[in-house]
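Here is the structure we will look at.
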Amino acid sequence: MDLTLLRKELADAGEPCYRAEQVWEWAAKGVRGYGEMTNLPAGLRERLAERVPLSALALATESTADDGTRKALFTTAGGKPLEAVLMRFRDGRRSVCVSSQSGCPLTCSFCATGQMKFGRNLTASEILDQALHFRRIEPVDHCVFMGMGEPMMNLDEVLTACERLPDLGITHRRTTISTVGWIPGIEALTAQEMPIRLAFSLHAPDEALRSELMPVNDRYPLHDVLEACVEHHRVRRRKVFIEYVMLGGINDRHEHAVRLSEILDPKVFKVNLIPYNPTASGFEGSTPKAIEAFRAALAERGQPVTVRLTRGRDIDAACGQLAATG
Ligand code: SAH
């Protein structure tokens, strides 16, 4: 819901300011129409129904994976595509994975989003609309900024959206912003007050390999990003999650695990190994055996480490597969 438009329409109708918050509260609870907003005068409900759509995004297609994961493809009012995913876990967790941009200007070699055309930054309302879409289906309690785009390149809108996520049932502590290592964004996240989790997509334990996989490393080298993460932990007292996509024969050898354990302070970082999800990039995922050996090598060295559960791969909804192809 475009909250700026809502406020303007309410002002034009001569309504008091608190009406905007009333409408928002209903929207955040997952209502499907103005008709359900029973503490609003009937005339106003009709007027708003004509002028302020419940969502600024149009749903183009939606699919459900065998594991219950749902992926929605939306378009903005100007026709830019973006995707969002609802992950359902056995323990009851419902996690919404949202996009911060239509496409992505960065070109990480293994990621499908980097191959599509970059559209633009999404507004806070467009980000919230993705979460609201799933909230209208069922209660949600986690949010990860791991969809399309680099959230730290659009941090103001991302944080404005975060401020409102608790109204949907998603606390700041259950919200994670993932970054390629965009240092100005990490510093800005450190400086603000919401206890949001920081995740860093590392993917290589040394500068040369990382630059090969992620061109952004030339601009913000691994060494400097890790320093910004350590500072984040010092100030915010929350562990930084490291994402490490397992590419067969590329970054999954024993020596990589050893090097990784040397550059990461186990008091600051927790590693999440991500099985590679197929894209057109030409990489191959590490074998389950290689992933397990890598995990064990880190664990032996005292490094907290888990392997990420793959969700939604059969509908191209898994990490790195979002490319607005429906
Ligand atoms: N731009 C931000 C937010 C996207 S998060 C970031 O990169 O952190 C999406 C996560 O999926 C990132 O960790 C990304 O590196 C990872 N990823 C990209 N392509 C992937 C693939 N093919 N398989 C598994 N993970 C992938």
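The values are calculated or read from the model by the stated rules, or taken from the named source; none is laboratory data. Please read all numbers here as calculations on a predicted model, not as lab measurements. Using ideal geometry, Cβ is built from the backbone for each residue, glycine included, and neighbour counts are taken over all protein chains shown.
Among the criteria (1) more than 16 Å from the ligand (Cβ to nearest atom); (2) touching a residue at least 24 places away in the same chain (Cβ under 8 Å); (3) under 28 Å from Arg174 (Cβ atoms), the one Arg51 does not fulfil is (3). Residues in segment 97-129 that are part of a helix (DSSP H, G or I) and away from the ligand (no atom under 14 Å from the Cβ): 5 in all.
Can you name every residue in segment 173-219 that is at positive phi and among the small types (Gly, Ala, Ser)? Break it down into steps so the answer makes sense when it comes.
Step one: filter segment 173-219 for residues at positive phi, giving 181, 203.
Correct list: Gly181 only.
Of all residues in segment 207-238, those that are assigned to a loop (DSSP other than H, G, I, E, B) and either modelled with pLDDT under 95 or buried (at least 17 other Cβ atoms within 10 Å of the Cβ) (or both) total 2. The combined condition, being crowded, with 16+ Cβ neighbours inside 10 Å, in a strand (DSSP E or B) and at pLDDT 95 or above, is not fulfilled by Glu15. Outside any helix (DSSP H, G or I), within 15 Å of the ligand (Cβ to nearest atom) and touching a helix residue (DSSP H, G or I) at 6+ places or on another chain (Cβ under 6 Å), is that true of Ile177? Yes; evaluated as a whole, the condition is true for this residue.
Each row is one residue, and each column tells you yes or no for (1) closer than 30 Å to Arg94 by Cβ; (2) more than 16 Å from the ligand (Cβ to nearest atom).
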{"residue": "Arg238", "(1), (2)": "yes, yes"}
{"residue": "His254", "(1), (2)": "no, yes"}
{"residue": "Lys270", "(1), (2)": "yes, no"}
{"residue": "Glu284", "(1), (2)": "no, no"}
{"residue": "Val307", "(1), (2)": "yes, no"}
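From the list Val216, Val158, Val140, Val144, which residue is in contact with a Leu (Cβ under 7 Å, 6 or more places away or on another chain) and within 16 Å of the ligand (Cβ to nearest atom)?
Val216 is the lone residue from the list that is in contact with a Leu (Cβ under 7 Å, 6 or more places away or on another chain) and within 16 Å of the ligand (Cβ to nearest atom).
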